[in-house]
1. Give, as a single signed number, the net charge of other residues whose beta carbon lies under 14 Å from the beta carbon of Gly161, with Lys and Arg counted +1 and Asp and Glu -1.
2. In whole Å, how far is the Cα centre of the range 56-120 from that of the range 243-320?
3. Give the lysines whose C-alpha is closer than 21 Å to that of Lys142, dropping any in the same chain fewer than 8 places away, or say none.
4. Restricting attention to the range 325-428, which GluC sites (Glu not before Pro) occupy a DSSP loop and are surrounded by at most 13 other Cβ atoms within 10 Å?
5. Normalized C-alpha radius of gyration of the chain, against 2.2 N^0.38 Å?
6. GluC sites (Glu not before Pro) within the range 1-109: which are DSSP loop residues with at most 13 other Cβ atoms inside 10 Å?
7. Cross-link candidates for Lys372: which lysines have Cα within less than 30 Å, leaving aside residues fewer than 8 places away along the same chain?
8. Quick one: Karplus J couplings for the range 134-140, per residue in order, coefficients 6.51, -1.76, 1.60, θ = phi - 60°, nearest Hz, x for Gly and Pro?
Amino acid sequence: MDRIRIVGGAKLNGTIPISGAKNAALPLMIASLLTPETLVLENVPRLSDVRMLKRILGNHGVDVMVAGKRVGERDDDGETVKLNAGAIVDTTAPYELVSQMRASFWVIAPLLARMGEAKVSLPGGCAIGTRPVDFLLMALEKLGAEIEIDRGYVLAKAKNGLKGGEIDFPKVTVGGTHTALMAAVLAQGTSVIRNAAREPEVGDLARCLVKMGAKISGIDSSTLEVVGVGSLHGAQHRVLPDRIEAGTYAFAAAMAGGDVTLTDVQPILLQSALDRLAESGATVTSDVNSIRIQRNGNGIAPVSLETEAFPGFPTDLQAQFMALMTKANGTARITETIFENRFMHVQELARFGAKIRLDGDTAIVEGTPVLKGAPVMATDLRASVSLVIAALAAEGETMINRVYHLDRGFEQLEAKLQRCGAEVERIRA
């Protein structure tokens, strides 16, 4: 199993290009099941989760082709992926595939909408809480689906097609909104989705569906209205930049010190995180598609926050911000309101000498002037990269184990940090 070795203490100086968003690419790829024509996606990140989803879609009969390099294309550019679901040959998503990635459960919506049936294993994924599929199944039932759970599988049927309906989510849910959108676009009649997630990745899916012929109004708001159509056609769409990757490298630059510019990014997508970073004492400047982070010698001020649905501070940056706060000049309180059990990185950060205690859904972080490198273990995707951030500022060597978690969400992590002066290397198993 691969490991990553980091020797801390070097300031980061340079430019880091931001990849396409994994959290947008996955539902966009799944949306290819909605049409027999080809969906072309640009700027798809090269990640293990993307590779796994290609396998899952192939199991349903989707032909997946990655376009070759084009003149002028940089190594940092994402893939162009062409997906064609001209013939869906299997409406079953088996346990051995779905259990490896939670987002693959979302295939239930397009399979049901287009084929009238789906059999999908209940999902697995990161151990950061239960994240039940109840809201997703509720949304399908509101559109007329018959749902049964049998021996670990969800059996969904709509023999005469889905019907427009009203979906009121009791809690904001990104997965539920993705599911509702992909089901409603082919339903007969009008559907209204209330308390919809406003995350940029949801808007990206909606815009792609519109390019495919869907009729959706209220995009980027908490109320979406979908007028169902008889069929969708092919389209070409560019995956939006990864705001979580951008926030991660922004926090890393503030932690290690230096001067880093993030390119190919949309600052407006992570304004809450950038505001907190500025409060911590970093100098943050941005324009339409770049962000510059500078911290040269000034200390890190403690900043308390709560995670929130967009446009609030994202839960997927909570672990990274906690790593930054471990060297603050004072005490910060970080409250997690989205997922339970998302503080597994705390015990690993403590191995660096961080002082953190938990009080229910709040972590109280008492900053310490010195962190020391240590052997640590990644526990989930975002927790693993918080260890990278801590290691960059720690004295001596850190060895991060189980880095396959990092490969699920961060493209060319070592190369991007190396180009900014970090002493980091992957040790192959």
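Rule-based calculations on the coordinates, nothing more; no lab input. Small disclaimer: the values here were computed from a predicted structure and weren't measured. Cβ coordinates were reconstructed from backbone atoms using ideal geometry, including for glycine residues, and neighbour counts include every protein chain displayed.
1. Residues close to Gly161 contribute a combined charge of +2.
2. One Cα centre to the other: 33 Å.
3. Counting by Cα, and skipping residues close in sequence, Lys142 has these lysines nearby: Lys119, Lys157, Lys159, Lys163, Lys171, Lys215.
4. Glu340
5. 0.98
6. Glu73
7. Of all the lysines, those that pass the test against Lys372 - Cα under 30 Å, at least 8 places apart if same chain - are Lys11, Lys327, Lys355, Lys416.
8. So the Karplus estimates, Gly and Pro as x, are 3, 5, 5, 5, 4, 4, 5 Hz.
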